[in-house]
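**Student:** Could you have a look at this structure, given as structure tokens, before my questions?
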Amino acid sequence: MTDLLLRGGRVIDPASHLDATADVLVSRGRVVSIETAPLPPSAIGDARVLEAEGCLVVPGLIDGHVHLREPGNERAETIATGTAAAVAGGFTTVCCMPNTTPALDTAALVHFIRLRAQETGRCRVFPIAAATEARAGERLSPMHAMAAAGAVGFSDDGSVVAEAALMRRVLATCASIGLPFLQHCQELTLTEGASMHEGEVSARLGLIGWPREAEELIVERDLRLNRAIGARYHAQHLSAAGSVEALREARRRGEPVTGEVSPHHLLLTDAACAGYDTHAKMNPPLREESDRRALIEAVAEGVVTILGTDHAPHTAESKEVDFAAASFGVVGLEGAVPLYAEALVESGAIDWPRLVAMMTLEPARLHGIDRLGLGRLAEGGPADITVIDPQRRWVIDPQRFETLGRNSPFAGRTVIGKPVLTIVDGEIRFDELACRNAPVAPSAT
Amino acid sequence: MTVASAETSMPPNSRAAATRGPRHLLGLEGAGGAWIESILDRAEAMLESGPVAAAPLAGRIIAMLFLEPSTRTRLSFEIAAQRLGARVVSTAAGSSSVSKGETVLDTVRNIAAMGVDAVVLRAAQAGAAVAASAGLAMPLINGGDGRHEHPTQGLLDLLSLRRSLGSLRGRRVGIVGDILNSRVARSEVHGLLALGAVPVLIGPATLVPPSLAGLGGSASATPIERCHDFDAVLETLDAVVMLRVQRERAAGDSIASDYPRQFRLDRRRAGRLRPSAPILHPGPVNRGFEVEAEVADDRSRSLILQQVAHGVAVRMAVLEWAVGGPN
């Protein structure tokens, strides 16, 4: 494995509060040194030099919320294609959701994911395991066994754990294991037949509406249940203003609870559904401008601390049907960085270091993989590194995505900022810097 | 997309319409008042002239693609097409390939590929007509798509109202019942707003939610009124449209057993309406449930049978507009 030198970039490591122009030297899968002073040739040796001037050099990005569709729906995505999309989007680690076929609800299946990821994956993959058998919301899954097999959290994502009694057992089990529970917040009796946000647009389109309260009720209920239990509770893909309000209160009380937002909820509203565009159909649905602003505000305040794309690839035929019948979801990995930057940095809500923290350190802590050194850039730590050109202007074209999914409401959007180099465990897995960097001849020592 | 339909549903002599490909009628949302009036004028002329002597659509084939049960709308379209001299091919729910798992879009594309001159589509899914019209080479007429729109029903109700009241500008038209789940109500609201009338949406809070007030969009000049107390507004209405309460559908969960007590148009309520106020119902009527039989059958007030006749005339006008251009 060639040694690498990332030279002259703006190095940001939220864990150590580093934000400075520096050189990063990588050898044998580890970060060897981070130096703000120019390295002497002897230190560089025969390392391949990559000029990162004008770029951000950050810990490898972590997406704690993706759907890789394997096993069971390999026409929509596989671990190979989903992780290729991940590295193209600057991610070195993803956590995959258990709503596969069959659901990820046994230790054997957790092993299967890890093995497939080793064989075919382009980045690190950590499985999130189902909290209930078959994600059916009836009986606890073998959570201890799945934790031992390598699961880093529990969720029935795609489905809510609906029953309060079962929810309490899930939270208690999570607390005893020390892994987080990730809730898909959807009160089912409020969403029967619903396919988009309940409001003026749904009224006009004649589509059954999905009220905010469907999400808010579950967030509030879960926070209430968890108060006596103290599990690490994480509310996924928040969409509604009332949800972040509840989260704000719980965090003010010091409870170990977190929330996540996705690019689409930060940038789009239910107006995108006009014309019955099924690419704007997602669960939870796109809401109104006031919700969108509340989510951004929650990020700015530090109420919402984690960014997750909810990357949800679907086959074309499951989207090329009428709106009510179309699948919910949007692909997220390959446009995430500039879309988050537009929503959060360009808008002035937060700065780049905070954005990086929300995509690295914060999800790493949630899933306990910070203990592996992930989510930070430290001498001696694993060389998972992402280089972002914050000025690069490009047009999102799903036809050129690595993911098998083409379902993006952002197709044709001009965005600014692009991951240009993704290093996983010291190995370059995605490289758009290459054209800028010719190999440097070994210098005399 | 319904906004795009507004462009294609401009008057026939519009150059823009002529250069924008086939003339679809997907909904009344965004349709201009002038275009609506021109269709109503043409329908009225057809009503008065009786059978069309010339057959403007002779040699044309119109496909009636009814993927959801319908008797009267399908027959009305078929009669309209035949009166214009067109030939009709027809398929009904249950017999279609949609029941074999084919999507609505594929079904429409297949029928289109067979070489018809227009498609009339009835489907259970909101947005089906909008989606099916994309890239379609021939006109598509929405014969009702889920809870979204039923534009020809809206037009025929406007025709009935206009013939009864004259100009609709400033007129208060009560629409009573399950507004939330009604495609007829949506089309009527858009049509009434385009003609300067005031839609008054009347029904239980569960079926007339606040979101409906925004149906007209911000561009609407006249407001939409919402009301949960029928008795309070009876005297103020210039006309009343009683909707069928679809007890078998979602509305069933949203209405209580006292619905008729609050919203049935019985003799007492009919007596409090202005004497000039006509009573409409898009049918089929739940006799005794939303309208008392005596009221429905009162020829001096009830336009229910006239509406059916107007339906054929309006659909003739629409088909002529959509298909009647040079071959």
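Bear in mind that the values in this text are calculations on the coordinates, not laboratory data. Note that this is a predicted model, so its numbers are computed, not measured. A quick note on method: Cβ atoms are made from the backbone with ideal geometry, for glycine too, and the neighbour counts reach across all protein chains shown.
**Student:** Between residue A:227 and residue A:145, what FRET efficiency comes out of the Förster formula 1/(1 + (r/R0)^6) with R0 = 35 Å and r the beta carbon distance, rounded to 0.05?
**Tutor:** The calculated FRET efficiency here is 0.80.
**Student:** Same structure, new question: When N counts the residues of segment A:146-282, how does its alpha-carbon radius of gyration compare numerically with 2.2 N^0.38 Å, as a ratio?
**Tutor:** Relative to the rule-of-thumb radius for its length, segment A:146-282 sits at 1.12.
**Student:** How high is the relative contact order of chain A, in percent, counting Cα pairs under 8 Å that sit 6 or more residues apart?
**Tutor:** Rounded, it is 20 percent for chain A.
**Student:** Separate question: Can you list residues whose amide H is under 5 Å from residue A:32's amide H, if they're 5+ apart or on another chain and H is modeled 1.01 Å from N?
**Tutor:** Result for residue A:32 returns A:25, A:26, A:27, A:380.
**Student:** Quick one: grab the alpha carbon gyration tensor of segment A:61-372, order the square roots of its eigenvalues as a ≥ b ≥ c, and give me rounded if a/c is under 1.5, else prolate or oblate depending on whether a/b is larger than b/c.
**Tutor:** rounded
**Student:** From Cα coordinates alone, what are the radius of gyration and Dmax values for segment B:121-205 in angstrom?
**Tutor:** Both quantities, over Cα of segment B:121-205: 14.0, 43 Å.
**Student:** Could you give P(r) for segment A:91-138, binned at 5 Å from zero, as whole percent values over all Cα-Cα pairs?
**Tutor:** P(r) for segment A:91-138, in whole percents per bin: 5, 24, 30, 22, 12, 6, 2, 0.
**Student:** Sticking with the crude label model, points 7 Å out along Cα→Cβ, report the distance from residue B:163 to residue B:236 in nm, one decimal please.
**Tutor:** 3.0 nm
**Student:** Within chain A, what percent of beta bridges assigned by DSSP are antiparallel, to the nearest 5?
**Tutor:** Working: 31 of 59 bridges.
Antiparallel bridges: around 55 percent, rounded to the nearest 5.
**Student:** Using the alpha carbons of chain B, what is the convex hull volume per residue in cubic angstrom, as a whole number?
**Tutor:** Residue-normalised Cα hull volume stands at 125 Å³.
**Student:** Short version: ³J(HN,Hα) in whole Hz for each residue of segment A:418-432, in order, from phi by Karplus 6.51 cos²θ - 1.76 cosθ + 1.60 (θ = phi - 60°), x for Gly and Pro, what are they?
**Tutor:** Couplings: 8, x, 10, 8, 10, 10, 10, 6, x, 10, 6, 10, 8, 8, 10 Hz.
**Student:** Please give the FRET efficiency for residue B:114 paired with residue A:115, using the beta carbon to beta carbon distance and R0 = 60 Å, rounded to the nearest 0.05.
**Tutor:** Here the calculated transfer efficiency is 0.70.
**Student:** Please list, in order along segment A:355-369, the HN-Hα scalar couplings obtained from phi with the Karplus expression 6.51 cos²θ - 1.76 cosθ + 1.60 (θ = phi - 60°), rounded to whole Hz, x for Gly and Pro.
**Tutor:** With the stated coefficients, segment A:355-369 comes to 4, 4, 4, 6, 10, 9, 4, 5, x, 4, 5, 4, 9, x, 8 Hz.
**Student:** Would you pull out the residues with amide H under 5 Å of residue A:275's amide H, same chain only if 5 or more places away, H placed 1.01 Å from N?
**Tutor:** Here the answer is B:2, since their amide H atoms fall under 5 Å of that of residue A:275.
**Student:** Based on C-alpha coordinates, I'd like the Rg and Dmax of the protein assembly as shown, in Å.
**Tutor:** Rg and Dmax of the protein assembly as shown, Cα atoms, are 30.5, 107 Å.
**Student:** Report the local net charge at residue A:47: Lys and Arg +1, Asp and Glu -1, summed over other residues whose C-beta lies under 12 Å from its C-beta.
**Tutor:** It works out to a net charge of 0.
**Student:** Can you pull the one-decimal nm distance between simple spin-label points at residue A:138 and residue A:277, each 7 Å off the Cα toward Cβ?
**Tutor:** 4.1 nm
**Student:** State the antiparallel share, in %, of DSSP beta bridges confined to segment A:1-67, rounding to the nearest 5.
**Tutor:** Expressed as a percentage, antiparallel bridges in segment A:1-67 total about 70.
**Student:** Still on this structure, please answer the following. So, in nm, how far is label residue B:92 from label residue A:163 when the simple model puts each one 7 Å beyond its Cα toward the Cβ?
**Tutor:** Going by the 7 Å Cα→Cβ label model, 4.6 nm.
**Student:** Measure out, as a whole number of angstrom, how far apart the alpha-carbon centroids of segment B:109-133 and segment A:315-389 sit.
**Tutor:** Segment B:109-133 and segment A:315-389 have Cα centres separated by 41 Å.
**Student:** Considering only DSSP beta bridges whose two residues both sit in chain B, what percent are antiparallel, to the nearest 5?
**Tutor:** Looking only at bridges with both residues in chain B, the antiparallel portion is about 5 percent.
**Student:** Calculated from DSSP H runs of 4 or more alone, at -39500 (n - 2.57) each and per residue, what is the 222 nm mean residue ellipticity of chain B, nearest 500? Walk me through the intermediate numbers first.
**Tutor:** Numbers: 14 runs with 127 residues, N = 327.
Taken over chain B, the calculation gives -11000 deg cm²/dmol.
**Student:** Amide H to amide H, which residues 5 or more places from residue B:24 or on other chains are under 5 Å from it, using H placed in the peptide plane?
**Tutor:** B:140
**Student:** Between residue B:34 and residue B:305, what FRET efficiency comes out of the Förster formula 1/(1 + (r/R0)^6) with R0 = 45 Å and r the beta carbon distance, rounded to 0.05?
**Tutor:** Computed FRET efficiency for residue B:305 and residue B:34: 0.95.
**Student:** I would also like to ask the following. Just the projected area, averaged over all directions, of the convex hull on the alpha carbon atoms of segment A:335-402: how many nm²?
**Tutor:** 5.9 nm²
**Student:** Relative to a virtual label point 7 Å from the Cα of residue A:37 in the Cα→beta-carbon direction, which members of segment A:373-388 show backbone nitrogen distances below 19 Å?
**Tutor:** So the set is A:379.
**Student:** Spelling out what I want: for every residue of segment B:271-282, take phi, set θ = phi - 60°, compute 6.51 cos²θ - 1.76 cosθ + 1.60 (Karplus), and round to whole Hz; glycine and proline get x.
**Tutor:** So the J values, rounded to whole Hz, are x, 8, 5, 4, x, 7, 7, x, 10, 10, 7, x.
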